[in-house]
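J.: Can you read through this structure? Questions will come right after.
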Amino acid sequence: MQDFDVIVIGAGAAGLFCAGIAGQRRLRVLVLDHSEKVAEKVRISGGGRANFTNRDIDVRQPHKHFLSENPNFCRSALSRYTPADFIELVQKHGIAFHEKHKGQLFCDRSAEDLIQMLLRECEAGGVQRWQPCAVKGVRVSGESTYEIDTDRGTVTSRTVVIATGGLSIPKIGATDFGYRIARQFGLRLVEPRPGLVPLTFDGDGWVPYANLAGLALPVQIETGGHVSPHAPPLRGSLPPEGTPSALGRPGGKRKNLVTFHEDLLFTHRGLSGPAILQISSYWRDDTPIRLNLAPDVNLTEALARAKVTSRKLLANELASVVPSRLADAWVQQDADWQRPVAEATDKALARLAERLSRWEITPTGCEGYKKAEVTLGGVDTRDLSSQTMESKQAGLYFIGEVVDVTGWLGGYNFQWAWSSAHACACAIPL
Ligand SMILES: Cc1cc2nc3c(=O)[nH]c(=O)nc-3n(C[C@H](O)[C@H](O)[C@H](O)COP(=O)(O)OP(=O)(O)OC[C@H]3O[C@@H](n4cnc5c(N)ncnc54)[C@H](O)[C@@H]3O)c2cc1C
């Protein structure tokens, strides 16, 4: 039976990073993964260029960009291994990168560069990697030794790190392994659900928009925030992007409101694009989302002005503020909108402005784990140390996406993988 100081299960972002650091601390490390290919999710991330971190992470206020039952849990790890630390490593390996927008950093060439960097770091630490290697079971033997049955035999270690990620994209190897191990050792779980995922809309209500597939435009999108009849109107004041607590308004009128300014994409099955992916992590079944399709314009004023100055059809007038395909489809919804703007009633114009800047629709569902970029929920942080990622079960650690910490779209999830892996790798006793 081969013995190691650390056995890491999962050769993805968090697992490889943790293994490299632990190995370089002179611990004897084995990484196991049931997939044939290493770090497949890194390979497909960021459209093949891996959005590997985000410069805008505010480590003092992690609740701004991370979802968790305890959003402060990630603060310690994130502040001890920051985006700047990871950028330094990327630079040390000579990987060229660029900032796309909102602090998002991508490899210039390919995500493959990042995988090679992680593998070189493992090599520098003398890490052994067995792949593909299925793990059949984990058990404790004696006081402090773990025995792991694999299809290459049984291996032992005093420390086990679970880095098997979440349930997203099962076709490249995602499993519920981490959750099963957590349950086996009596740890609590926060119910997993798909995050950063396209939302679907079925039935008659979606018919007017079904032909818009492929259309993209910038929008303001929001969910949550039960609107009381006395709440102030949305139009005119764009709240900053942020999390529920940041946006709860005084008097409890629009509590838990979450808003993003991002691009929206119409698809054959519903809506996608960064705006939808971001809001999907906050969306709850049977609740509506609200969209302002012309967020940079005061539509009420613009249409009132056009009424006295323009001879155009309403659809053509609208096409100056939203894409013309959308304008054409939109006016089909109301006979009063299919005429020259000068002939439209004030009421019809007001209705149009309201409908476009406060489009409220209720998704029928989401595209599920086959399309979700992340899994929300996971191992309950109440059963983990925020300093070390060790669980209540001594010697058993959880890092990366398997933990109930989920970031926004934009490099936040990889940064959590690096930071939690670093916290764990540095804490494992020599
Ligand atoms: C399409 C897509 C694009 C993304 N783009 C970005 C991006 O640009 N930026 C960003 O920050 N985040 C992105 N993410 C999210 C990011 O990839 C994950 O949050 C991150 O990979 C999580 O790291 P991890 O190590 O916890 O899990 P993973 O990287 O998923 O690694 C888990 C590993 O565990 C292995 N495993 C699973 N079950 C078992 C088992 N039973 N036995 C053995 N091994 C097992 C898997 O094969 C895998 O290798 C994207 C996700 C997707 C799906």
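J.: Could you give every pair whose Cβ atoms fall below 6 Å, whose first residue belongs to region 125-137 and is more than 15 Å from Val6 (Cβ to Cβ) and part of a strand (DSSP E or B), and whose second residue is modelled with pLDDT of 95 or more and more than 11 Å from the ligand (Cβ to nearest atom), counting only separations of at least 6 or pairs across chains?
T.: Qualifying pairs under 6 Å: Lys136/Asp149; Gly137/Asp149.
J.: Within 14 Å of the ligand (Cβ to nearest atom), in the same structural domain as Ser420 (by TED's automatic domain parsing) and among the aliphatic types (A, V, I, L, M), is that true of Val59?
T.: So Val59 does not fit the description; no.
J.: Sticking with this structure for a sec: When only residues in region 141-198 that are assigned to a loop (DSSP other than H, G, I, E, B) and free of Cβ contacts under 8 Å to residues at least 24 places away in the same chain count, which is nearest to Phe414 (Cα to Cα)?
T.: Ranking the qualifying residues of region 141-198, first place goes to Asp176.
J.: Do you know which residues across region 1-44 are more than 16 Å from Leu119 (Cβ to Cβ) and outside any loop (DSSP other than H, G, I, E, B)?
T.: Gln2, Asp3, Phe4, Asp5, Val6, Ile7, Ile9, Ile44 - these are the residues of region 1-44 that are more than 16 Å from Leu119 (Cβ to Cβ) and outside any loop (DSSP other than H, G, I, E, B).
J.: Give me the pairs, please: first residue somewhere in region 38-51 and of a type in the set (Val, Ile, Thr), second residue anywhere and more than 6 Å from the ligand (Cβ to nearest atom), beta-carbon distance under 6 Å, and either six or more positions apart or on two chains.
T.: Note: pairs meeting the criteria are Val42/Ala111; Val42/Leu114; Val42/Ile115.
J.: Let me spell it out: the conditions are (1) open to solvent by 50 Å² or more (accessible area, probe 1.4 Å); (2) in contact (Cβ under 8 Å) with a residue 60 or more places away in the chain; (3) in contact with a Ser or Thr (Cβ under 7 Å, 6 or more places away or on another chain), and Asn292 meets all of them except one. Which number is the exception?
T.: That leaves (1) as the condition not met.
J.: Condition first: touching a helix residue (DSSP H, G or I) at 6+ places or on another chain (Cβ under 8 Å), open to solvent by 80 Å² or more (accessible area, probe 1.4 Å) and more than 25 Å from Arg183 (Cβ to Cβ). Can you find one or more residues in region 334-344 that meet it?
T.: The answer is yes; a qualifying residue exists.
J.: Condition first: away from the ligand (no atom under 14 Å from the Cβ) and either open to solvent by less than 50 Å² (accessible area, probe 1.4 Å) or touching a residue at least 24 places away in the same chain (Cβ under 8 Å) (or both). Now tell me which residues in region 88-107 satisfy that.
T.: Of everything in region 88-107, those that are away from the ligand (no atom under 14 Å from the Cβ) and either open to solvent by less than 50 Å² (accessible area, probe 1.4 Å) or touching a residue at least 24 places away in the same chain (Cβ under 8 Å) (or both) turn out to be Leu89, His93, Ile95.
J.: How many of the residues making up region 367-395 are on the phi < 0 side of the Ramachandran plot and surrounded by fewer than 16 Cβ atoms within 10 Å (Cβ to Cβ)?
T.: 5
J.: It is to be established whether one or more residues within region 112-120 are in a loop (DSSP other than H, G, I, E, B) and either touching a Pro at 6+ places or on another chain (Cβ under 8 Å) or in the same structural domain as Ser45 (by TED's automatic domain parsing) (or both).
T.: So far as region 112-120 goes, no, none of its residues is in a loop (DSSP other than H, G, I, E, B) and either touching a Pro at 6+ places or on another chain (Cβ under 8 Å) or in the same structural domain as Ser45 (by TED's automatic domain parsing) (or both).
J.: If you don't mind, there's one more thing I want to ask. Identify the residue in region 45-56 that is in a helix (DSSP H, G or I) and more than 7 Å from the ligand (Cβ to nearest atom) and, among all such residues, is surrounded by the fewest Cβ atoms within 10 Å (Cβ to Cβ).
T.: By that ranking, first place goes to Gly47.
J.: Let me ask something else about it. If Asn72 meets every condition in (1) in a loop (DSSP other than H, G, I, E, B); (2) within 14 Å of Ala417 (Cα to Cα); (3) touching a helix residue (DSSP H, G or I) at 6+ places or on another chain (Cβ under 7 Å) apart from one, which number is that one?
T.: Every condition holds for Asn72 apart from (2).
J.: Right, here's the next one. Going by what's in this entry, would Asp56 be described as in contact with a Lys or Arg (Cβ under 9 Å, 6 or more places away or on another chain) and either within 30 Å of Ile279 (Cβ to Cβ) or without any contact (Cβ under 8 Å) to a residue 24 or more places away in the chain (or both)?
T.: yes
J.: Tell me whether region 109-130 contains one or more residues that are aromatic (Phe, Trp, Tyr), over 23 Å from Trp408 (Cβ atoms) and within 15 Å of the ligand (Cβ to nearest atom).
T.: The answer is yes; a qualifying residue exists.
J.: Ok, one more. Answer with yes or no whether Ala275 is buried (at least 19 other Cβ atoms within 10 Å of the Cβ), in contact with a helix residue (DSSP H, G or I) (Cβ under 7 Å, 6 or more places away or on another chain) and either assigned to a loop (DSSP other than H, G, I, E, B) or modelled with pLDDT of 95 or more (or both).
T.: The answer is no for Ala275.
The values are calculated or read from the model by the stated rules, or taken from the named source; none is laboratory data. As the structure is a prediction and not an experimental result, all values here were calculated from the model. All Cβ positions, even for glycine, are placed from backbone atoms using ideal geometry, and neighbour counts span all protein chains on display. Quick note on the areas: whole protein, heavy atoms, side chains included, nothing else; ligands and nucleic acids left out. Shrake-Rupley method; radii C 1.70, N 1.55, O 1.52, S 1.80 Å.
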